[in-house]
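Working notes, beginning with the structure itself.
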Amino acid sequence: MTYTIGPVSCAPGERVQGLIPVGVSTYGVDLGIPLIVVNGAEPGPVLCVDGGVHGDEYDGMEAVRRVLDETDPATLRGTLVGIPCVNTPAFEAAARTSGLDHANLNRIFPGDPDGSYSLRLAATFVEQVIPAVDALVDLHTGGAYGEIAPLTIVQGGYEELATGIGLAAGHPLIWKGGKWGGTARLSALQAGKPAITVEAGGGTYREETVALHVRSVRNIMRHLGMIDGAAELLGSYTEVSGTFARSAAGGFFLGHADPSEECKQGDLIGRVVDHYGATLEEIRAPQDGIVLWVRRIRTVRTGDEVVIFGAVEGEIRP
C-alpha cells in the first residue's frame with residue numbers, strides 16, 4: 001500500500017523525499033523536517049531512523065543518508081523513513097542547540113504547537129512522525145563538545161518494549177538511562193512504539209562512527225525482518241548507569257581517560273588547569289566502572305559537564 005507521513009506519500013517499491021513543514025524563516029524559506037522514504041515492495045514494519053536532533057552531531061546525519069541510499073525498495077519488507085537532520089536550525093548554527101531560540105530539542109519533547117520554533121518542531125514530530133511509524137532509532141554522537149563510548153540507551157521502565165532493538169543495535173554497553181525527560185525516544189515509548197538512542201563518537205566527524213551507526217541500523221532492520229539475514233547479537237551486554245561530573249572551576253580541561261576505558265575508584269580522569277598550568281581541580285572516578293563520555297572542548301566553565309562515569313549494574317544475556 002502507499003505509505004503516507006505528513007504531506008509525503010510513497011508507493012510500494014518507490015523512494016521519495018519531502019518536507020514536513022514546521023515554520024518559515026525570516027528570509028521566506030520553509031523550515032521543517034526533511035524526509036527520505038523507501039517503501040518496500042513487500043509489507044512489513046515501518047522503521048524511522050533520525051539524526052541531527054543536535055546540530056553538531058554530524059555522523060548520524062550522514063549515516064541516515066547512507067542507509068536510505070543503500071536500501072533497495074525491491075527487496076525491502078516494510079518501510080524505512082529517514083530523517084537526516086531533525087533540527088536544521090541547529091545544523092545551520094553548527095551547534096547543539098537551535099540558532100533560532102537556543103533551545104535543546106532533546107529536552108523539550110513533546111513540545112508545544114504554539115511555542116517557539118523548537119517547541120513547534122518537537123510537537124510536529126510527536127503529532128506527525130511518531131503515529132506514522134512502528135519503531136524509532138535516534139542516532140547521536142557526543143557532539144562537538146565531547147566523545148561518547150559506543151552504547152545504546154534503553155529507557156528505564158520500558159525495557160520490555162525497547163530491549164529487543166536495543167540489543168540489535170550491537171553495542172556492548174546498554175545504558176538504562178533517560179531519567180531526564182523531553183526526548184523523542186521517550187515520546188515514542190509513551191506512544192507504545194519501541195524506541196532507542198544509539199550513541200557513538202563525537203568531538204569531530206569520523207567515518208568510523210558513520211559506519212558504526214550504519215551497522216546498527218542494518219542489524220535492527222534484520223531483527224525486524226525488513227531485510228534478509230539473522231540479526232547478530234553479542235553473547236552478553238554490560239548494563240551501566242551514568243553519573244555526570246561537572247567542573248567546580250573554570251579553565252582549561254585536560255582529559256586523562258578515553259570513552260570505553262575501565263576505571264577504578266579514585267582514578268584520575270581529568271584535570272582543570274589555569275593559563276599558567278596550575279591544577280585548579282582534579283576529576284576522579286567516584287566508583288569502579290567505565291568512562292562513558294569525556295569532554296573534548298578544552299574551554300570549561302564552572303558547572304560544565306566534563307565526564308560521564310558509568311557504574312556497572314549487571315549483565316544482559318540475550
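The values are calculated or read from the model by the stated rules, or taken from the named source; none is laboratory data. Since the structure is predicted, the reported quantities are computational estimates derived from the model, not experimental observations. Quick reminder, even Gly has a Cβ in these numbers, built from the backbone with ideal geometry, and neighbours come from all protein chains shown. The protein model used for the area step is the full one, side chains on, heavy atoms only, and it has no ligands, DNA or RNA in it. Shrake-Rupley method; radii C 1.70, N 1.55, O 1.52, S 1.80 Å.
For the stretch 250-278, residues that are in contact (Cβ under 8 Å) with a residue 12 or more places away in the chain and assigned to a loop (DSSP other than H, G, I, E, B) total 13.
Would you pick out the residues in the stretch 26-44 that are touching a Cys at 6+ places or on another chain (Cβ under 9 Å) and of a type outside the set (A, V, I, L, M)? Across the stretch 26-44, the qualifying residues are Pro34, Asn39.
Out of curiosity, is Ile196 touching a helix residue (DSSP H, G or I) at 6+ places or on another chain (Cβ under 8 Å), farther than 20 Å from Gly146 by Cα and part of a strand (DSSP E or B)? Considered against the rule, which asks whether it is touching a helix residue (DSSP H, G or I) at 6+ places or on another chain (Cβ under 8 Å), farther than 20 Å from Gly146 by Cα and part of a strand (DSSP E or B), Ile196 comes out as yes.
Taking the stretch 171-189 as the range and being open to solvent by 20 Å² or more (accessible area, probe 1.4 Å) and either touching a helix residue (DSSP H, G or I) at 6+ places or on another chain (Cβ under 9 Å) or of a type in the set (A, V, I, L, M, F, W, C) (or both) as the test, the residues that pass are Lys176, Trp180, Gly181, Leu186.
Among the residues in the stretch 289-306, are any within 29 Å of Leu233 (Cα to Cα) and over 21 Å from the mean Cα position of the chain (by Cα)? Looking for residues that are within 29 Å of Leu233 (Cα to Cα) and over 21 Å from the mean Cα position of the chain (by Cα), one finds at least one in the stretch 289-306, hence yes.
Starting from residues that are free of Cβ contacts under 8 Å to residues at least 40 places away in the same chain and touching a Leu at 6+ places or on another chain (Cβ under 9 Å), keep the ones in the stretch 27-43 and report whichever is nearest to Ser116 (Cα to Cα). Looking at residues that are free of Cβ contacts under 8 Å to residues at least 40 places away in the same chain and touching a Leu at 6+ places or on another chain (Cβ under 9 Å), I get Asp30.
Matching residues to (1) more than 22 Å from Gly203 (Cα to Cα); (2) open to solvent by less than 10 Å² (accessible area, probe 1.4 Å); (3) of a type in the set (D, E, K, R):
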site: Val53; (1), (2), (3): no, yes, no
site: Asp59; (1), (2), (3): no, yes, yes
site: Val64; (1), (2), (3): no, yes, no
site: Thr71; (1), (2), (3): yes, yes, no
site: Leu76; (1), (2), (3): yes, yes, no
site: Val81; (1), (2), (3): yes, yes, no
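Considering the stretch 16-30, and only residues there that are of a type in the set (A, V, I, L, M), part of a strand (DSSP E or B) and farther than 13 Å from Phe125 by Cα, the residue that is modelled with the highest pLDDT turns out to be Val16. Where helices (runs of 4 or more DSSP H) fall wholly inside the stretch 81-168, the ranges with 2 or more residues that are within 14 Å of Ala191 (Cβ to Cβ) and in contact with a strand residue (DSSP E or B) (Cβ under 9 Å, 6 or more places away or on another chain) are 159-168.
Cβ separations smaller than 8 Å between residues 6+ apart or across chains give the following pairs from the stretch 188-207 residues that are aromatic (Phe, Trp, Tyr) to residues that are buried (at least 24 other Cβ atoms within 10 Å of the Cβ): Tyr205/Tyr58; Tyr205/Asp59.
Could you tell me whether Ala162 is without any contact (Cβ under 8 Å) to a residue 60 or more places away in the chain, under 30 Å from Asp112 (Cβ atoms) and open to solvent by less than 10 Å² (accessible area, probe 1.4 Å)?
Working: without any contact (Cβ under 8 Å) to a residue 60 or more places away in the chain: yes; under 30 Å from Asp112 (Cβ atoms): yes; open to solvent by less than 10 Å² (accessible area, probe 1.4 Å): yes.
Spelling it out, Ala162 is indeed without any contact (Cβ under 8 Å) to a residue 60 or more places away in the chain, under 30 Å from Asp112 (Cβ atoms) and open to solvent by less than 10 Å² (accessible area, probe 1.4 Å).
Residue pairs whose Cβ atoms lie under 7 Å apart, separated by 6 or more positions or on different chains, with the first residue in the stretch 228-249 and more than 28 Å from Arg295 (Cα to Cα) and the second of a type in the set (Lys, Arg) and surrounded by 13 or more Cβ atoms within 10 Å (Cβ to Cβ), are Gly229/Arg222; Ala230/Arg222; Ala231/Arg222.
Do you know which residues across the stretch 169-187 are assigned to a loop (DSSP other than H, G, I, E, B) and of a type in the set (S, T, N, Q)? Don't jump to the end; show me each part of the working.
Just the residues of the stretch 169-187 that are assigned to a loop (DSSP other than H, G, I, E, B), to begin with: 169-172, 176-183.
Selection gives Thr183 alone.
Within the stretch 279-295, residues that are touching a residue at least 60 places away in the same chain (Cβ under 8 Å) reach partners that are among the aromatic types (Phe, Trp, Tyr) and open to solvent by less than 20 Å² (accessible area, probe 1.4 Å) with beta carbons closer than 7 Å, at six or more positions or on different chains, in the pairs Val291/Phe309; Leu292/Phe309; Arg295/Phe253.
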